[in-house]
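The values are calculated or read from the model by the stated rules, or taken from the named source; none is laboratory data. Owing to the predicted nature of the structure, the values given are computational and were not obtained by experimental measurement. Cβ coordinates were reconstructed from backbone atoms using ideal geometry, including for glycine residues, and neighbour counts include every protein chain displayed. Keep in mind that these areas ignore ligands, DNA and RNA; they rest on the heavy atoms of the full protein, side chains included. Shrake-Rupley method; radii C 1.70, N 1.55, O 1.52, S 1.80 Å.
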Amino acid sequence: MSDPAVTTIQAEALGLLEWPRLAEQLASFASTTAGQRACLALPLPESLEQSQALLAETTELLGLDGLTAAAGGAGLSFQGVADIAGVVAHCAKGGCAGGESLLDVATTLAAARRLRRAIDEPELRPVCTALLSALRTLPDLEQRLLFCLEEGGRIADRASAPLEGLRRQLMEGRRERRDRLQDLVRRYSALLQDSVVSERNGRPVLAVRAGAASQLPGLVHDSSASGNTVFVEPQVVITLGNRIRELEGKERDLELEVLRQLSVLVGADGEALELLQSILVRLDFALARARYGQWLGAVRPELSSGPSAGFELKDLRHPLLLWQQKREGGHPVVPVTISVGESLRVVAITGPNTGGKTVGLKSVGLAALMARAGLFLPCTGSPRLPWCAQVLADIGDEQSLQQNLSTFSGHIRRIARILEALPGPGASLVLLDEVGAGTDPVEGSALATALLKHLADRARLTIATTHFGELKALKYADPRFENASVAFDVETLSPTYKLQWGIPGRSNALAIAGRLGLSEAVLHQAAAQLAPLGEGEVNQVIAGLEDQRQRQQEAAEEAAVLLARTELLHEELLLRWQEQKEQSAELQEQRRQQLEQSIRKGQQEVRRIIRRLRQGEGSIGPGRSGPGSSDLGETARLAGQRLKRLEQQHRPSPERREHRGWMPAIGDRVRLLALGKAAEVLAIAADGQELTVRCGVMRMTVELTAIEGLHGEKPTPPEPKLQVQVQVQGKRGLGGRGPDVRTERNTVDVRGLRVHEAEAAVEEHLRNANGPVWVIHGVGTGKLKRGLRQWLETVPYVERVSDAAQGDGGGGCSVVYVQ
């Protein structure tokens, strides 16, 4: 049982940090009314394990919602889910629910079954799948409700045979009465004010002129305001109307009986329906957290179990100010970075008013609460922080006229309750705004110093804002203390809202007063009074540190610009070198083609000379030859051989490929070309052609050609390894097929795919197959294997399917034989 005083001070801290406002913003992303109530409550888990489970749910549904939206839908849909808690409780107590409420139960059951099919994936979404394991969608109850109820909750005729017969009688009676009334309208049209059949007290009446009412026998139900018209129910339809009234009463009784029967069925399954309602609310709550985090551009935090774990929050933005910027067109939010080591216990933030100190306090407090509640944080990188069981705060002016409390008294009362709540289980975060303010500066400074030293012994981290210069020196006497400050631009008299780590803030009162036109004599006298106290020297030291920090920041920015320019220059040089290389190769190719053309012309000329010599030899008589014919033939033969040698010498040699290219390894960081984002390599396929990567919270399988190194390296795929495995069938007749040979061409790996995705991949291989196809699906839960086997039985050109040999994977691989 928790202490009421501790609960009260923690509730006050939530109010000071504006936790309810954040809950309202979160509720706007819920899909159901019950989910909105859960978001508005926004409970804080009591253990680290519960918080980690909530973060896992948020992560899994964020990925599924993104995949559903990428497929062309609107994301994960909760359409049809209604708040059935009230109707289920009513039926469980023996009450009778209305038709519309019972129809909500049926639509909720159908939506729950649809959501379970979409979410159920143990390997990708283990936490949400485990949550759905106890879900019962009660298809029999759903079918019974849909059979008996129509749109709007109306009882269908088929719900009861007596009801169907009674409604048939009612329809006939109403038709007969309508026909009689229309006949009377035609016969007595001269007596009527209009030809419309009206209704008074649930009975049909005709508007008759007051002077002619006696000419139409019947019962007068009403008259007009002027008295000129009376509304008469004709005598010929009164008996028929009474009969219809009697039948309508019986109809209501039969409908009520059907509703009682359906309510009994709902009440019998009340426990299962209550569990289903709670699971759907939890899923909607998790989806709202995921969509809220995605809208904020937030990332998943890492919670540490150790109470002394550090805080690493890079570029943290206040979520409420971020909402104001995006939804209401507010000013851009300036991020702050919090880096607290394990040994650090107290951070004192100093600086001028309106500089952002209080916003920094609230940002850290909300970050601790959001991580505990399963929400992502509006940071960059990978935020890390301990699980904070207690977030206690004293922020704002606590002056109270009703309780006769000054500002100082109000702060002290609250700080006293904070000290009573410490230490509690788990890490504790204490936030103090203007600690020690509201009283004598000397006493307030001493009290603030003692308080922070006391909190350093009892709380995991205390962040305090202050104007006391004495607190700035605590860092140099105790390593558990650290200084921080908010920057202020003296030239423009405006804060920059940037948090400077490790440097205390300095007073800018004199500078601001001078800029606002205060007398120089007054400023010099004030500076002279500060000199004996050493305040001027301290401010000079702080100013020097700030200048040094500014110079370092400018140098870092210049170095970043220089690095970016160097990278651009490097890319430009590589591009030009590649262009020059291509131009050189093209020029060499042109010269080689010209030389080959010259050689071919020379060869043709030599062949013509040889042909002419042969013809000349044929024309000379036997035993005689032309002058120098043998010398010319030998010369032509030698010239031809020389030309062939030249052709062989200038023929381009085949390029030798050097397989020394870059290839990622597991754990490396690569860039996805389609998204332009970095990702981590989780696994590499056996053939090296596909990678499993994680990009943020998304896990996906991509081809090797779809990635590159962070420095632009292009991957070189490994040489394909031909795996030949011979399986000789026992019975081979003459003319039968030879042994089945397994290669990479007839092997398809569908592990990690859904059933419909695996079907598409296998069908593509089967269309081009000349023999059996090996399908690697793994063992796992067996869901993928069963789904594939059932589908293959329907494929007409598949002869049979069997498990692969033990050496080929056994039960984890199926061999598909085509006709």
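For M700, what accessible surface area do you get with a 1.4 Å probe? Give it in Å², rounded to 10.
Roughly 50 Å² of M700 is accessible to a 1.4 Å probe.
Give me the 1.4 Å probe accessible area per residue for the range 279-348, excluding ligands and nucleic acids, in Å². Show your work: numbers first, answer last.
On the way: 2920 Å² over 70 residues.
That works out to 42 Å² for each residue.
How much length would be gained if the chain were fully extended between F147 and S382, taking 0.36 nm per residue of separation minus their Cα-Cα distance, in nm to one decimal? It would help to have the intermediate numbers written out before the result.
Details: separation 235, 0.36 × 235 = 84.60 nm, distance 5.27 nm.
Answer, rounded to one decimal: 79.3 nm.
Within the range 232-357, what whole-number % of the accessible surface is contributed by carbon and sulfur, with the 1.4 Å probe and all protein chains included in the calculation? Intermediate results must be reported in sequence, preceding the final value.
Details: 2750 of 5590 Å².
So the carbon and sulfur contribution to the accessible surface is 49 percent.
If you add up the charges near A665, with Lys and Arg at +1 and Asp and Glu at -1, over every other residue whose beta carbon is less than 14 angstrom from its beta carbon, what do you get? Walk me through the numbers before you get to the answer.
Numbers: positive: R669; negative: D668, E680, E713.
Once positives and negatives cancel, what remains is -2.
Would you grab the residues whose amide H sits under 5 Å from the one on A487? Only those 5+ places off in sequence or on another chain, please, with H modelled 1.01 Å from N.
Close amide H contacts, sequence-distant or interchain: T496, Y497, K498, Q500.
In this model, which of K326/K453; K581/K677; K314/K472 are farther than 29 Å apart at the alpha-carbon?
K326/K453; K581/K677
Going by average Cβ neighbours within 10 Å, how do the peptides 38-45, 308-315, 456-463 rank, with the highest at the top? Numbers along the way, then the final one.
On the way: 38-45: 16.9, 308-315: 18.6, 456-463: 20.6.
Those peptides, ordered most packed to least, come out 456-463, 308-315, 38-45.
Multiply the residue separation of D194 and R37 by 0.36 nm, subtract the distance between their alpha-carbon atoms, and state the gained length in nm to one decimal. Walk me through the intermediate numbers first.
Numbers: separation 157, 0.36 × 157 = 56.52 nm, distance 5.41 nm.
Using 0.36 nm per residue and subtracting the Cα-Cα distance, I get 51.1 nm.
Can you send over the solvent-accessible area of Y497, 1.4 Å probe, protein chains only, in Å² to the nearest 10?
So the heavy atoms of Y497 present about 110 Å² to solvent.
With 32 Å as the limit, write out which pairs from K714/K783; K93/K250; K714/K785 have Cα-Cα distances beyond it, or answer none. Before the final figure, lay out each step's value.
Details: K714/K783 37 Å; K93/K250 26 Å; K714/K785 36 Å.
As for pairs spanning more than 32 Å Cα to Cα, those are K714/K783; K714/K785.
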